[in-house]
Every structure is written in C-alpha cells, then in structure tokens.
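What follows is one structure encoded as structure tokens, with my remarks underneath.
The values are calculated or read from the model by the stated rules, or taken from the named source; none is laboratory data. These figures come from a predicted structure and were not determined experimentally. As a convention, Cβ positions derive from the backbone with ideal geometry for all residues, glycine included, and neighbour counts pool all protein chains shown.
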Amino acid sequence: MNKIALAIHGGAGTILKSEMTPALENEYRKGLENALRTGWEILQKKGSALDAVEASVIELENFPLFNAGRGSVFTHEGKNEMDAAIMDGKRLKAGAIAFVKNVKNPIKLARLVMEKTEHILLAGEGANEFAREMKVEFESEEYFFTEHRYRQLLKAIEEGRIQLDHSSESKIQNPKSKIGTVGAVACDFRGNLAAATSTGGMTNKKFGRIGDTPIIGSGTYAENSACAISCTGHGEYFMLGVTAFDVAARMKYKGLSLENAANETIERLTKINGDGGFIAVDASGNVVLPFNCEGMYRGCITNELEMKIEIYR
C-alpha cells in the first residue's frame, strides 16, 4: 500500500499562546482531532482521498469555533454567507460555491457542483436553488448564530472596518474571534490526491466580496502529478499570488520537492504582503504545513507519522 496521508487546518493568523486559556485551547484541539480522525478512518479503510477531505471538512464546519458552516462570521447585513470548494486530483475536476445561505455543510454542496453539473462555481441564489434541487440539508438562522461572532460584527461596524476573522484587531477582546477558513488535503492508498476548503468569509464584509476559498488555483487546488493544497489567510493576496496553483506549478515546472515548492510560495506570499498559510500533500504522502504568521490551527497524520496537532509557531 502506498503511503497515505491527511492534513487539516482551522485558520491562520494572530494566534498567541499568552491569550489562550487552557480550556479554550483544549476545545480547539478536540475539534481538530475529531476532524482528523474522521478523515483518517476513511483512508485507513482504503477509502478515497476525496471522501476523506469532505468528511474532515464537514466535521470542521459543524464545530462552532471555526469560521465555516455553523461558526461562520456575519456580513455587514448580519447574515452568514458561506463559500467552499473541493477538487479531485485524479480527474482534475472541481466544484465550488459562493454566497450560500443556510446550507448546513457547504462542502457537500461544492462536491455536488463537481459531480452533478458541468460547471465549477455556482454563486448566490442560483447556488441556493441548486442546493434545494439536490435536497441538501438546510438549517435556520438560529443554527448559525454564535454570540462571539455577533459581538465581533458589532465591534467591526462600530470601528468602520472589514475584519479578517484571525486579524490582530480582535486579539485582546476575544481569543475565539481569530479562527478562519477550514480545509483538508489527502493522499489515499492509490496515490490519488484531493483538497477541500470552506469559509464564512470576513466579518462585516460588503458588496458581495468573495475570497480565495472557492477560486480554484487560489485557495484550493489538487493534481495527482503535483500536490493537493488548501489555503487560509487574507484571501485577496492568495488570489493575487494564485497561491495554491503556485505550489503545484513549482513542482511541475521547476521539478521541486513539495517542501521546497511550499517554502518558495510562502516567501512569495510574504513579498506581496500576504498573511496566512496552507496545508499540502503530494502523491508520495509527504505533508507540509507552512505559514508566515504567529499561528495556524493544523493537524496531520500518515501511516508513518502519528497524529500531530499544533496551533502556535
């Protein structure tokens, strides 16, 4: 059997141990561990990388402390608008959604776009209409309401700013408010790769802003001949840097290893003032989790490496 591997993230940014209580840190670690174990069980049973990343992200979407699914941040209008993407590295197929509302697990809808349509990205009411046709599970607005997210919105409105979920402006007031995009990448026993990413976007966002998560090649990418990647951070810079594909391109066209390609991409992201990180895996089961900020909620496991969960630099 080939080396199998799985990595997940729950956001990157200003994450300082000095501002984290032991109880809260334990909650985050449990959330990450549960998502990692869920995807890992699929890989161990010779399931597909695609199924594994979807399952892991569903668990992260259901965990209210992360900015995806149930824990999504609020827009300026006090709504939850979610984006997600998934990509199959074997078939070079992808599906993504943006601006969906009340969908319990956006990553499921993204996969349905990939499997049931000829398109890659659906947005807004059209995406919600497709969700209703596919009979995906919806939840009420109360399901998505979390008190710390709402306080985060009120503060952002008061200060007249749009806030990254993991930005430094919130670090003193509320340690819970730093968590961002979630994602997973995997390599299965056949050497097939997959990536999945999901987010609630930015607090107090306006004007229909879309970040890098649903943009294939920017926040999410998978190709068996290179790697699978899921990004987290300030989405505008990941779009400018085409960051997810940048790693794959360095492997394909420069012949770099996953680690060297990832390091070069992080250097490039830093040069264009981008803040964040990503998780990546190649078809040999190698895993990297680089970032250029104080922390990134992350975890990984392979059949040669025990489960590892980390938060700080």
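Considering each of Glu236, Glu259, Glu294 in turn, give the residue that is among the acidic types (Asp, Glu), at pLDDT below 95, touching a strand residue (DSSP E or B) at 6+ places or on another chain (Cβ under 8 Å) and surrounded by fewer than 22 Cβ atoms within 10 Å (Cβ to Cβ).
Glu294
Hey, does the range 65-73 have a residue that's farther than 18 Å from Ile279 by Cβ, over 16 Å from the mean Cα position of the chain (by Cα) and among the polar types (S, T, N, Q)?
There is no residue in the range 65-73 that is farther than 18 Å from Ile279 by Cβ, over 16 Å from the mean Cα position of the chain (by Cα) and among the polar types (S, T, N, Q).
Filter the range 1-28 for residues that are touching a strand residue (DSSP E or B) at 6+ places or on another chain (Cβ under 9 Å) and either more than 30 Å from Ala222 (Cβ to Cβ) or surrounded by fewer than 15 Cβ atoms within 10 Å (Cβ to Cβ) (or both) and give the result.
Asn2, Leu16, Lys17, Met20, Glu25
Based on what the data block shows, is Gly126 without any contact (Cβ under 8 Å) to a residue 40 or more places away in the chain and closer than 14 Å to Thr197 by Cα?
It is false that Gly126 is without any contact (Cβ under 8 Å) to a residue 40 or more places away in the chain and closer than 14 Å to Thr197 by Cα.
Residues are listed down the side, and each one gets a yes or a no for (1) under 14 Å from the mean Cα position of the chain (by Cα); (2) of a type outside the set (D, E, K, R):
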{"residue": "Val185", "(1), (2)": "yes, yes"}
{"residue": "Phe245", "(1), (2)": "no, yes"}
{"residue": "Ala261", "(1), (2)": "no, yes"}
{"residue": "Lys271", "(1), (2)": "no, no"}
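What residue, among those in the range 266-313 that are among the small types (Gly, Ala, Ser) and outside any loop (DSSP other than H, G, I, E, B), is nearest to Cys187 (Cα to Cα)?
Ala280
When you scan the range 54-64, do you find a residue that is in a helix (DSSP H, G or I), surrounded by fewer than 16 Cβ atoms within 10 Å (Cβ to Cβ) and small (Gly, Ala, Ser), even just one?
no
I'd like to verify a number: residues in the range 65-78 that are part of a helix (DSSP H, G or I) and surrounded by fewer than 24 Cβ atoms within 10 Å (Cβ to Cβ), how many?
So the count comes out to 1.
Scan Ile97, Ile42 and give me the residue that is under 22 Å from Phe189 (Cα atoms) and out of contact with any His (no Cβ under 8 Å at 6 or more places or on another chain).
Going through Ile97, Ile42 in turn, just one is under 22 Å from Phe189 (Cα atoms) and out of contact with any His (no Cβ under 8 Å at 6 or more places or on another chain): Ile42.
Do you know which residues across the range 263-313 are of a type in the set (Asp, Glu) and touching a Gly at 6+ places or on another chain (Cβ under 6 Å)?
Asp275
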